[in-house]
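Structure first, then comments.
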Amino acid sequence: MSNSLDPAVSNFVEALNAGDSAAFYDLLTPDATMSDDGDERDLRTWIESEAFGSNGRMDVRSVADGGLALVADYTNDRWGSMRTAWRFTVAQGRISRFETGQA
């Protein structure tokens, strides 16, 4: 069903919104990577700054690509709220890569 999030992606959103960094990192492969607006970033540094260190949260607005892509209103204490696009790569139930940027 194309309007439902992949289970790993759903858990990613839930852990991020709950501020649960332990659950969040458990969802990632050990070598997971990410990019923000097309620039490769250090995943842990970015997540600590943009999510857990600044009360980041996602309000999912739409889902595509079999639940591996979404558009969300992303809010944190640093930047406020913005419309963002997210694309995920899931391998064996864990996230190996995500890409985000303004939508």
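None of the figures in this text is laboratory data; all of them are computed from the coordinates on show. Just so it is clear, the model here is predicted, and its values are computed rather than measured. All Cβ positions, glycine included, derive from the backbone under ideal geometry; neighbour counts span all protein chains shown.
Points worth noting:
- If you filter region 55-75 down to residues that are over 19 Å from Ser35 (Cβ atoms) and touching a helix residue (DSSP H, G or I) at 6+ places or on another chain (Cβ under 9 Å), you find that the one that is surrounded by the most Cβ atoms within 10 Å (Cβ to Cβ) is Val63.
- When Asp31 is tested against the conditions (1) exposed (fewer than 15 other Cβ atoms within 10 Å of the Cβ); (2) under 13 Å from the mean Cα position of the chain (by Cα), the lone failure is (2).
- Taking the conditions (1) under 20 Å from Trp79 (Cβ atoms); (2) within 10 Å of the chain's Cα centre (by Cα) in turn, Gly19 satisfies each one other than (2).
- Within region 39-54, the set of residues being crowded, with 16+ Cβ neighbours inside 10 Å and without any contact (Cβ under 8 Å) to a residue 12 or more places away in the chain comprises just one member, Arg41.
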